[in-house]
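The values are calculated or read from the model by the stated rules, or taken from the named source; none is laboratory data. The shown structure was predicted, so the numbers you read here are calculated from the model rather than taken from an experiment. Cβ placement follows ideal geometry from the backbone for every residue including glycine, while neighbour counts extend to all protein chains displayed. Only protein heavy atoms, including side chains, enter the accessible area calculation; ligands, DNA and RNA are left aside. Shrake-Rupley method; radii C 1.70, N 1.55, O 1.52, S 1.80 Å.
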Amino acid sequence: MITKSKLFIYNNFLDHIKIFLSCLINNNNNNFLNKIKNQISNKILLTAQARVGIFYISKYLVSKNFEKFYISPYTNIEVIEAIKFSGGKINFIDLNYENGYPKNIDNLMLNKNEKRCLILTHLYSDHNNLKKVFDKLKNRDENFKIIEDAAIVFGSKYDKKYLGTLFDFGVFSFGKLKNLSLIFGGAIYYKDENFENYYKEIEKNNLVDFPKTIFIKELLFSLLVYLSSLNIFNFFFSKILNLPTYKSKKHFFSKIQYKSLFPEINQNIPKNYFFKFPYFISNFALKKLNYVEEEINIRYKKAKYYYENLKKFDSIYIPMVIETESKYNSYIEFPFILRKESKKNLLIFLSKKSIFLRLHWYLNNEIFYDFKKLTLPNDCNLVQDNTVVLPCGPHITRKYQDFILKNIKKYFEINKLR
């Protein structure tokens with residue numbers, strides 16, 4: 001029987017070792033930044049994390065009297081927190097579950113006398129989804145700024161331009177689940193020439209070097225996850241710890257594995273907002289960057305395999321259509337949405353078969369805030385409650401994909417879903 005804990009699926013112990021070695025050798029250089037500039041755009045700056053990039057972009061825009069920020073609450077809560085700490089006034093808008101982009105864009109286009117910003121998050125982009133949104137937004141007025149949250153789609157393109165570089169600003173993440181996995185780090189894209197001087201001045205006078213101790217802690221955690229996957233421990237970790245978590249979010253170990261299910265609303269600006277990019281891992285980062293396209297191709301093939309096996313089922317909606325070789329997404333994971341029921345029963349069923357998928361993708365974070373709501377976010381709730389994501393990482397084998405698909409189909413048969 002194939003058994004993999006959820007943590008193991010998203011863990012890459014070898015990368016942690018290589019980064020640890022980078023911490024021991026100070027290899028600070030500009031080769032990584034130069035390669036990204038040559039590959040994506042010359043208007044790229046490095047930052048500690050994507051959320052940190054959102055914070056400084058928002059702070060800059062607020063200083064230019066762009067105070068209103070429109071964002072779907074179905075997102076990483078740290079993005080909302082970053083805008084909050086920048087001084088921006090947040091307005092929640094609903095998500096269109098069919099394409100993953102905000103609803104009511106037409107209404108935002110009408111307010112031409114109001115300075116406003118839209119956070120455009122690329123969730124499950126494909127060409128058709130993005131084209132409709134892009135065609136609307138490309139003729140926006142000068143008082144309408146767009147920040148692309150391209151955290152999970154680094155390397156993806158729309159008409160030969162990288163997502164994250166289509167509009168005014170964009171952010172990328174190099175976190176541990178991404179195809180360019182540096183554990184930490186991110187990048188900012190900007191069109192406004194004045195922003196470069198603004199950010200470089202902040203980096204010079206207000207930011208400190210990224211602490212190497214954070215990477216060492218990540219290495220130790222990764223080691224524990226790796227040990228948990230060994231046969232001698234696997235039964236304990238997968239059955240004793242994981243299974244109860246899928247039945248109740250109140251289980252103690254769910255707070256360890258799923259910290260984002262229990263978000264902390266910060267009262268003060270987090271200290272990581274004042275860290276620079278971890279330049280000491282530049283050599284490792286450069287090597288990883290050279291393999292990004294290859295990794296996207298690997299993930300694409302896994303995503304397409306899921307797609308071909310699931311597209312015939314009427315009981316699910318697949319928002320990310322994969323019919324060609326075009327890479328409009330980096331396929332970190334493959335999402336599908338159950339049309340008629342919550343995902344909870346499916347996840348519990350799969351966990352009994354020792355398949356531990358994500359309990360959630362993101363949360364509808366509106367419940368944690370009292371921000372103004374442009375519309376009631378019904379689709380945010382639907383995507384939160386009904387979306388299942390399947391792993392596409394390089395170490396996910398075809399055998400394991402078949403194991404997942406076989407049991408999903410078995411669940412549909414038992415429950416007479418089609």
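Let me check against my output: what whole-number percent is the relative contact order of region 298-397, with C-alpha pairs under 8 Å and at least 6 apart? Could the numbers behind the result be given before it?
On the way: 105 pairs, mean separation 37.7, N = 100.
Relative contact order of region 298-397: 38 percent.
Applying D = kT/(6 pi eta Rh) to region 301-416, where Rh is the Kirkwood radius over alpha-carbon pairs, T corresponds to 10 °C and eta to 1.306 mPa s, the Stokes-Einstein value obtained is 103 µm²/s. Ordered from longest to shortest, the equivalent ellipsoid semi-axes for region 48-185 are 22, 19, 13 Å, each the square root of 5 times a Cα gyration tensor eigenvalue.
Within the shell defined by Cβ-Cβ distances under 12 Å, the residues around I44 carry a net charge of +3, with Lys and Arg each +1 and Asp and Glu each -1. Between the C-alpha center of region 52-126 and that of region 262-288 there is a gap of 22 Å.
Across H395, H122, the residue with the most accessible area heads the list, and the full order at a 1.4 Å probe is H395, H122.
With all protein chains in place and ligands, DNA and RNA left out, the 1.4 Å accessible area ranks R358, R51 as R51, R358, largest first. Taking N as the residue count of region 87-141, its C-alpha radius of gyration divided by 2.2 N^0.38 Å amounts to 1.16. Across I265, I296, I316, mean-square fluctuation computed from a Gaussian network of the chain (C-alpha pairs under 10 Å connected) peaks at I265. To put it simply, the accessible area of the chain at a 1.4 Å probe is 51 percent carbon and sulfur. Using the Cβ of S181 as centre and a radius below 13 Å, the other residues enclosed give a net charge of +3, where K and R count +1 and D and E count -1.
Computed from backbone phi, the HN-Hα couplings of region 276-283 come to 7, 4, x, 4, 5, 9, 4, 5 Hz, rounded to whole numbers (Karplus: 6.51 cos²θ - 1.76 cosθ + 1.60, θ = phi - 60°; Gly and Pro given as x). Let me check against my output: what whole-number percent is the relative contact order of the chain, with C-alpha pairs under 8 Å and at least 6 apart? In percent, rounded to a whole number, it is 25. Working note: Karplus 6.51/-1.76/1.60 with θ = phi - 60° gives region 302-310 the couplings 5, 4, 5, 5, 4, 4, 4, 8, 10 Hz, where Gly and Pro are set to x. Only alpha carbons enter this Debye calculation for the chain, each as an equal point scatterer, and the log10 of I(q)/I(0) it gives at q = 0.09, 0.10 Å⁻¹ is -0.55, -0.69.
3J(HN,Hα) along region 130-143: 6, 4, 4, 6, 4, 4, 6, 8, 5, 9, 5, 7, 5, 8 Hz, from the Karplus curve 6.51 cos²θ - 1.76 cosθ + 1.60 with θ = phi - 60°, whole Hz, x for Gly and Pro. Among T375, T387, T213, the sequence by solvent-accessible area, most first, with a 1.4 Å probe is T213, T375, T387. Between K204 and F412, the modelled label-to-label distance comes to 5.9 nm, taking each label 7 Å out from Cα in the direction of the beta carbon.
Counting Lys +1, Arg +1, Asp -1, Glu -1, what net charge surrounds F371 among other residues with beta carbon under 9 Å of its beta carbon? Charge balance in the 9 Å sphere: +2.
Distance from the alpha carbon centroid of region 133-173 to that of region 351-390 works out to 23 angstrom.
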